[in-house]
Each structure stands twice: as C-alpha cells, then as structure tokens.
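Below: one structure, written as structure tokens.
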Amino acid sequence: MPFVGRKRELHQLAEVLSRPPVVVLLEGEAGVGKTRLLHELHWPPLTIGRCHPMRFPYGPVVEALRDASPPRDLNPITGALRPLLPEVAHLLPPAPPPLADRQVERHRLFRAVLSLLGSLRPITLVVEDVHWVDPDTRELLAFLARCLPAAVNLVLTYRAEDLSHPVAEMLAHLPPHIDHAEIALAPLDPGETAELAEQLLPHPGDLWPLSRGVPSAIEQLARMLAEGRPPGTPPALRDAVLLRLASVPLAARMLVQAAAVLGEPATARTLAALAGVPPERSERALAEAVRRGLLVESAPGRYDLRQPLARQAVRDSITPAARRRLHRHLDAPAPPQGTLSPREEQVVRLAAGGLTNREIAESLVLSPRTVEVHVANALRKLGLTSRRQLRTT
Ligand SMILES: Nc1ncnc2c1ncn2[C@@H]1O[C@H](COP(=O)(O)OP(=O)(O)O)[C@@H](O)[C@H]1O
Ligand SMILES: [Mg+2]
C-alpha cells in the first residue's frame, strides 16, 4: 500500500528511538496513521501490544510479550510471568512461590516484565490505543517508563479525544537519563490527500472536502468510488462517530446534533438556542463536545463538526425520539421544497428558533441587512406577514 507524506514525523520518530531509553507519546485521531507510521520504521525492532475497549488486565503487555524469544540466561524473576505467558512458559525459569501480600506480588510481576524486556534488547515496546488502557497496565506502564533498561524504548499511541486519564503525566516523573518525545499526527494536507487518492484510484476527484485528510477516510472513500457507489459516510467512520456521540452527556449530544443539522460553523449561543440547552448547561456541554473531538472551533467562537462525513453521520442518526428532545423548530416541517433557497431556509430556521436578525447575521457570517432581505423574501415566499408566524410554521 502506498505511503504518503510524514517525512518529518518518521524522521523524528526514528531519531528519538535510536537513542534509548526513551518514552514516546504518539497522538492522533482515529485513522490518522499512528499504527502505519510505526510500521514504516525499520529500526529498532518493535514488539506491539494493543489496548482493547474490553480493558483486560495486562492485556496489551501479554500481547506484546507472548511471542517473545528470550535468551537462555534469564533472571529467575521472569519465572513470575509463567502464568501470564503460557505460550513462552517453557522458555522461562520456574515460577517463584506465591507471596502472601498482593502488592508485593504485583511488584515482583512488574520487575519480571522489566527484566524480560531488558533481555530482548534492543527493543521498543509499543502499546497501542492507550485511551483504552486498563488500570493494571496503566500502572505497569508508569513503572516501566521510570525504570526502562538500557536499549529499551516505550511508545504509547492514543487518541486524545478518547482519553479519560492524562497520559502525559507519565512523563512528569522520568529520571533524567530517560528521554521523552511527544509526536502529534495531524491529517494529511490537501496535496498529500490528492497524492494518496491518486495512488488508490485513477480519477478520484477531490477527496479533501469529505475526508479532511484522514487517511482511513480517504481509503474508504476511494473504495466506495471504485465500487461505483456514491461517496458517502464509510460505515467504520459512522460507527466511530456515533459511538462517541452516544458516550457524551445528553446536553453535549444535543449541541452536536444541532450543529449537524445547521451545517455551518455556529456560535455557542446559536447552538444552545437550536438545541434548547439552557445557557447554564451549554458551556460545559460545549467543552465536553470539543474535548471528545465531536465539535471543533473552526473559527474563533464558532463550532462545527470536524468533518462533513461526521456531520452526515450525525444527521442521519437523529431518531424521532432524539428529534423530539431537540428544540421543536429543528423538527418543524421543512418549507415546501424548492420555494426557499438553502440560505433562506437556514435563516428561517434560526428566526423560528427565536434568534434576532443580528444574532442570525453573526451566526451565519452575513450582514444584518442581508439577513433582513432573506427574512423578507422567505416570508413572502411562504405567504406569511410576520416573523412571529415562523414559529408555528
Ligand atoms: N501516510 C499514509 N499514507 C498512506 N496511507 C496511510 C497513511 N497513514 C495511514 N494510512 C492508512 O490509513 C489507514 C489508517 O491508518 P492507521 O495507522 O491504522 O490509523 P490509526 O492507527 O491512527 O488509527 C490504514 O489503512 C493505513 O495504511
Ligand atoms: Mg492504530
């Protein structure tokens, strides 16, 4: 598969990993290319474990070490890993006797992981998708990070928007001889998007507006086009957005739904008015929607969904029940088709929601005078005489 861009990030990653021991945090949204970037590395060797939404205790570390080929002269402490790693138990020393104190036993287990890793050097332990880390692995990783043996690196990948525990705090207590780096992967730029699209498909057209440079979205769009389907929201992206939407508090969800229906960057006040979220709750709800990556501040003070595809997914998902919870004018029957221009329709929806011309103007980045004209034209086309009648239209 083609690999596009990322020269700087790949160089930086290769450079820091060549000077172990180092802890690297690799952050980026779903599908942006964290895993792929790691697979483009040639040195040092990686051993990879992934965190899963099921959060099995020590799951990622077990996954990373179960195929290990350790040398023969292992420290006896590594025998403590026998029960966890049956696949390589025959290569490990005998298991030490159980200890009465659970915490003491845990410490022994942590030291055993450290010792086994040290025996595999040079090696980079990669723990993927740390936003799903289980509490035991989290503590083990914090321990490993502080005690990394020579020639061993630790790389953690994660999506900031799905993180419930700050990962960067792990870097705060590293001893001076352990270096660290934080690498954030942004989406591809429009040129790189075109380059990837052209490598996947002969005449892809411009995939930037729909994909916003997220490689997994580019791939999925290219697949849809290749199969002769119109480019729509890829199921994987839709599910990811809807899962996240379902996991935020109701007020935040309603703001996101309002933004999706509005379809343009809008002020917090407009979104709250559209969604019917009371002002005292809207600030927190907005902050949560932004923190979870559902909304972005696309211009100062204006919020929108991150990608057109995400917007479409949210729009399509608004059920009648959710619709009822939204402010009633989102539910209002659309004016007879073809009568209003799309702009007039937007203005009418906001006017019906009780916004003044000035507020509508601010929300849609129009002059108040233009809004006035749109409102007048829309009223005339709808056969109404006052904007108050819009509320019952
Ligand atoms: N720079 C790139 N060039 C080409 N394809 C890429 C690039 N980055 C990612 N991809 C592809 O996009 C998809 C998603 O990437 P992946 O690394 O799995 O994302 P993440 O781990 O951040 O969720 C994969 O199929 C991958 O091969
Ligand atoms: Mg990944």
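The values are calculated or read from the model by the stated rules, or taken from the named source; none is laboratory data. In this text the structure is predicted, and so the values were computed from the model without any measurement. Cβ sites come from the backbone with ideal geometry, for glycine too, and all protein chains shown count toward neighbours. All accessible areas refer to the heavy atoms of the entire protein, side chains included, with ligands and DNA or RNA removed. Shrake-Rupley method; radii C 1.70, N 1.55, O 1.52, S 1.80 Å.
Quick notes
- Where residue 186 falls short, out of the listed (1) of a type in the set (A, V, I, L, M); (2) within 16 Å of ligand 2 (Cβ to nearest atom); (3) buried (at least 16 other Cβ atoms within 10 Å of the Cβ); (4) outside any helix (DSSP H, G or I): (3)
- Scan of segment 39-65 for residues that are open to solvent by less than 90 Å² (accessible area, probe 1.4 Å) and not hydrophobic (A, V, I, L, M, F, W, C), ordered by number: 40, 44, 45, 47, 49, 52, 53, 57, 58, 59, 60, 63
- Any hit, segment 194-202, residues being in contact with a strand residue (DSSP E or B) (Cβ under 9 Å, 6 or more places away or on another chain) and either assigned to a helix (DSSP H, G or I) or of a type in the set (A, V, I, L, M) (or both): no
- Residue within segment 13-24 that is open to solvent by 10 Å² or more (accessible area, probe 1.4 Å), modelled with pLDDT of 95 or more, within 13 Å of ligand 1 (Cβ to nearest atom) and assigned by TED's automatic domain parsing to the domain that holds residue 177 present: no
- Where a residue in segment 361-373 is farther than 15 Å from residue 300 by Cβ and its partner, wherever it lies, is part of a loop (DSSP other than H, G, I, E, B), with Cβ under 8 Å and at least six apart: 361/367; 364/264
- Being open to solvent by 40 Å² or more (accessible area, probe 1.4 Å), away from ligand 1 (no atom under 14 Å from the Cβ), in contact with a Lys or Arg (Cβ under 9 Å, 6 or more places away or on another chain) and of a type in the set (S, T, N, Q) is a condition met by at least one residue of segment 71-85.
- Close Cβ contacts (under 8 Å, 6 or more residues apart or on different chains) running from residues in segment 190-204 that are closer than 11 Å to residue 215 by Cα and of a type in the set (Gly, Ala, Ser) to residues that are open to solvent by less than 50 Å² (accessible area, probe 1.4 Å) and within 16 Å of ligand 2 (Cβ to nearest atom) comprise 197/218.
- In summary, residue 35 fulfils each of the numbered conditions (1) open to solvent by less than 40 Å² (accessible area, probe 1.4 Å); (2) in contact (Cβ under 8 Å) with a residue 60 or more places away in the chain; (3) over 27 Å from residue 176 (Cβ atoms); (4) out of contact with any helix residue (DSSP H, G or I) (no Cβ under 6 Å at 6 or more places or on another chain) with the single exception of condition (1).
- Among the conditions (1) within 17 Å of the chain's Cα centre (by Cα); (2) part of a strand (DSSP E or B), residue 31 misses just one, which is (2).
- Any pair with Cβ under 9 angstrom, 6 or more apart, that starts in segment 156-170 at a residue that is under 7 Å from residue 131 (Cα atoms) and of a type in the set (Phe, Trp, Tyr) and ends at one that is modelled with pLDDT of 90 or more and open to solvent by 20 Å² or more (accessible area, probe 1.4 Å): 158/27; 158/129; 158/132
- Some residue of segment 226-238 being closer than 28 Å to residue 200 by Cβ, basic (Lys, Arg) and surrounded by 15 or more Cβ atoms within 10 Å (Cβ to Cβ): yes
- Hits in segment 28-73 (condition: aliphatic (A, V, I, L, M) and over 15 Å from residue 152 (Cβ atoms)): 30, 32, 37, 38, 41, 54, 62
- Qualifying positions in segment 345-359 - open to solvent by less than 30 Å² (accessible area, probe 1.4 Å) and either without any contact (Cβ under 8 Å) to a residue 60 or more places away in the chain or out of contact with any Leu (no Cβ under 7 Å at 6 or more places or on another chain) (or both): 347, 348, 350, 351, 352, 355
- Residues of segment 27-57 that are hydrophobic (A, V, I, L, M, F, W, C), more than 20 Å from residue 147 (Cα to Cα) and within 13 Å of ligand 2 (Cβ to nearest atom): 30, 32, 37, 38, 51.
- Scanning segment 267-298 for residues that are touching a residue at least 60 places away in the same chain (Cβ under 8 Å) and surrounded by fewer than 22 Cβ atoms within 10 Å (Cβ to Cβ) yields 267, 269, 291, 292, 293.
- Looking across segment 169-183, the residues that are surrounded by 12 or more Cβ atoms within 10 Å (Cβ to Cβ) and of a type in the set (A, V, I, L, M) come down to 170, 171, 174, 178, 181, 183.
- Residues (in contact with a helix residue (DSSP H, G or I) (Cβ under 6 Å, 6 or more places away or on another chain) and assigned to a helix (DSSP H, G or I)) located in segment 203-220: 208, 210, 211, 217, 218
- Selection within segment 25-39 - of a type outside the set (A, V, I, L, M, F, W, C) and near ligand 1 (Cβ under 8 Å from one of its atoms): 28, 29, 31, 33, 34, 35, 36, 39
- Residue in segment 114-135 that is farthest from ligand 1 (Cβ to nearest atom), counting only those that are under 30 Å from residue 29 (Cβ atoms) and out of contact with any strand residue (DSSP E or B) (no Cβ under 7 Å at 6 or more places or on another chain): 135
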